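Peer 1: This structure is in structure tokens; I'll ask about it shortly.
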Amino acid sequence: MNSPRRMSGHTVLLEEYMKKAGTVVTFIVGIFLVVTASALVYNYLEWEKPKVKITEAFDMIGQKRNVTIKVADSRSGIRRIAVTLTQKQHTFNVASIDIPEEGVFEKTLPIEVSPRKLRMVNGPAVLEVKAVDYSPLHNTVIVKRNVTIDMVPLRASLLSMAHNVNPGGTCLAVYSLTKQATKSGVMSGNIFFHGYPEKTAQGKTFYVCYFAVPIDVTRATVMSVVAEDRAGNRAVVPIPFYVRSQHTFRDDTLAISADFVARKAAEFAQDYPDLEGKSVLDAFTYINSQMRKSNESAIHTQCLKTDPKQLWQGEFLMMRNGATKARFGDRRTYVLNGVSAGASLHQGIDLASTEHAPIEASNSGTVTFTGNLGIYGNTVIIDHGQGISSLYGHMSAIQVTEGQKVTKGQIIGSTGSTGWAGGDHLHFSILVKGVFVNPIEWWDSHWIKDNVTLKLQDAQAGL
């Protein structure tokens, strides 16, 4: 039988153990509560500020500039966005937006900044974007950008008067600007063509712009000189033009055999593996659509690389003894095994002579491309400056290299039947800033004189 004293000792030890254990548990619970409370407080108060980005890169604002503001807050969401301009201690409200409900974590705000409407003056200013979130702390971020207000108008004057155009042809516009522009040229239809600066003998600056006339041009087609300065001030001057003739381009039907398509598809498959295993019809469809589009896109990109100076002189040369087999603008319908299989628009002129006939550079310039180019086969592209390029396709041999300077009449290779060609010939194209135009005008010395030489002389005389 245990003594009361011994039982009392065990009880004391147990009571001491329980006290210590209770202290530890209390401590752990306390830590847990502190951490939990801290997390709750952190999540409730939330110190993270919104993120603001002005998407456009600019340091000047003209009479009007479109600006895009992007704001993001991934925690509590966006409460308010305000955009202001400050100049000479005066603050001008540009735009502001209050978001009445939480949960908007991203916001894009396209705004028009118009110093003229705000009655500001030319000179330094600060563009400020302020964003506030929905946290109880109202976390705020302010992004500032130093800018210069320049509301001096940019004006363009058309120096060339006569703009007689042919569908699918080329036109030259000559103009002057009252101040330096970051971008100027001609909008023809829905395509913009860059202009290039030139100087008169007296040192005055004017601009020349060759542009392609849409093949479906009408009196309603938009043709305008467009210029923009560093501050975003724009000048737009309509170009008066006269359509010489509503040229009717030919409709041509070409019968192609299954053997021809299969043979060409096998050749193309080396560079276009998607052709492998296709049926004859599917192979033709791929060649005439996807491959053609890819090739013409590559040509367009290549021809955007151009010298700002005119490298050519006089009319362009037509291949000697070349008989015309297909014309620019021919609308071709292909018939495969007696069934219509697709269509295309011919983007140049096909010229045939003797087999492997020599090909001359049509005018002086710089070779910018040599190599195989899909449906065009072995191809050479020459840059003649200011956006004018010439293309030579289906060649059997190439005798020039990229970067080489060539002179008008210099032999650059031989005709052939490479690419999508059924026989030995030259496919010749002229392009303006990567857009195919009718080469016939460029072969005509009278057209060159009336539409380029005299126009440049008259424009310079008017400065």
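Peer 1: Residue by residue through the stretch 117-143, note down the ones that are basic (Lys, Arg) and loosely packed, with under 13 Cβ neighbours inside 10 Å.
Peer 2: So in the stretch 117-143, the residues basic (Lys, Arg) come out as 117, 119, 130.
Correct list: 117, 119.
Peer 1: Which one of 429, 417 is touching a residue at least 24 places away in the same chain (Cβ under 8 Å) and surrounded by fewer than 18 Cβ atoms within 10 Å (Cβ to Cβ)? Step through it out loud before you land on a result.
Peer 2: Details: 429 fails: surrounded by fewer than 18 Cβ atoms within 10 Å (Cβ to Cβ).
None of the others qualify; the one that does is 417.
Peer 1: Okay, moving on. Among the residues of the stretch 374-388, which ones are under 12 Å from residue 299 (Cα atoms) and open to solvent by 20 Å² or more (accessible area, probe 1.4 Å)?
Peer 2: Across the stretch 374-388, there are no qualifying residues.
Peer 1: Output the qualifying pairs, or none if there are none: Cβ atoms under 9 angstrom, residues six or more apart or on different chains, first residue in the stretch 250-276 and open to solvent by 80 Å² or more (accessible area, probe 1.4 Å), second residue of a type in the set (A, V, I, L, M, F, W, C) and not in a helix (DSSP H, G or I).
Peer 2: Pairs that qualify, where the first residue is open to solvent by 80 Å² or more (accessible area, probe 1.4 Å) and the partner is of a type in the set (A, V, I, L, M, F, W, C) and not in a helix (DSSP H, G or I), are 250/326; 253/335; 255/335; 255/336; 276/269.
Peer 1: Take the conditions surrounded by 18 or more Cβ atoms within 10 Å (Cβ to Cβ) and either more than 24 Å from the chain's Cα centre (by Cα) or under 24 Å from residue 391 (Cβ atoms) (or both) and apply them to residue 243. Does it pass?
Peer 2: Numbers: surrounded by 18 or more Cβ atoms within 10 Å (Cβ to Cβ): no; either more than 24 Å from the chain's Cα centre (by Cα) or under 24 Å from residue 391 (Cβ atoms) (or both): yes.
For residue 243, the condition - surrounded by 18 or more Cβ atoms within 10 Å (Cβ to Cβ) and either more than 24 Å from the chain's Cα centre (by Cα) or under 24 Å from residue 391 (Cβ atoms) (or both) - is not met.
Peer 1: On the given criteria, is residue 308 within 19 Å of residue 423 (Cα to Cα) and touching a residue at least 24 places away in the same chain (Cβ under 8 Å)?
Peer 2: Details: within 19 Å of residue 423 (Cα to Cα): no; touching a residue at least 24 places away in the same chain (Cβ under 8 Å): yes.
Against the criterion (within 19 Å of residue 423 (Cα to Cα) and touching a residue at least 24 places away in the same chain (Cβ under 8 Å)), residue 308 does not qualify.
Peer 1: Quick one: would you say residue 108 is in contact (Cβ under 8 Å) with a residue 24 or more places away in the chain, surrounded by 14 or more Cβ atoms within 10 Å (Cβ to Cβ), among the hydroxyl-bearing types (Ser, Thr, Tyr) and in a strand (DSSP E or B)?
Peer 2: When the stated conditions are applied, residue 108 does not pass them.
Peer 1: Sticking with this structure for a sec: Would you check if residue 353 is surrounded by fewer than 18 Cβ atoms within 10 Å (Cβ to Cβ) and without any contact (Cβ under 8 Å) to a residue 12 or more places away in the chain? Spell out the reasoning first.
Peer 2: On the way: surrounded by fewer than 18 Cβ atoms within 10 Å (Cβ to Cβ): yes; without any contact (Cβ under 8 Å) to a residue 12 or more places away in the chain: no.
Against the criterion (surrounded by fewer than 18 Cβ atoms within 10 Å (Cβ to Cβ) and without any contact (Cβ under 8 Å) to a residue 12 or more places away in the chain), residue 353 does not qualify.
Peer 1: Select from the stretch 286-314 the residues that are among the β-branched types (Val, Ile, Thr) and either open to solvent by 70 Å² or more (accessible area, probe 1.4 Å) or in contact with a strand residue (DSSP E or B) (Cβ under 6 Å, 6 or more places away or on another chain) (or both) and write down the one among them that is nearest to residue 373 (Cα to Cα). Step through it out loud before you land on a result.
Peer 2: So the first thing to find is which residues in the stretch 286-314 are among the β-branched types (Val, Ile, Thr), and the list is 287, 299, 301, 306.
With either open to solvent by 70 Å² or more (accessible area, probe 1.4 Å) or in contact with a strand residue (DSSP E or B) (Cβ under 6 Å, 6 or more places away or on another chain) (or both) added as a condition, the list becomes 301, 306.
On the way: 301: 13, 306: 19 Å.
Once the filter is applied, the top-ranked residue is 301.
Peer 1: From the list 377, 387, exactly one residue is among the small types (Gly, Ala, Ser) and within 30 Å of residue 309 (Cβ to Cβ). Which is it? Steps first, answer last, please.
Peer 2: Values: 377 fails: within 30 Å of residue 309 (Cβ to Cβ).
Just a single option satisfies the conditions, and that option is 387.
The values are calculated or read from the model by the stated rules, or taken from the named source; none is laboratory data. What you see is a predicted model, and the numbers here were worked out from it, not measured in a lab. Because the Cβ atoms are built from the backbone with ideal geometry, glycine has one as well, and the counts that use them run over all protein chains shown. For the accessible areas, the whole protein counts, side chains as well, though only heavy atoms, and no ligand, DNA or RNA atoms are used. Shrake-Rupley method; radii C 1.70, N 1.55, O 1.52, S 1.80 Å.
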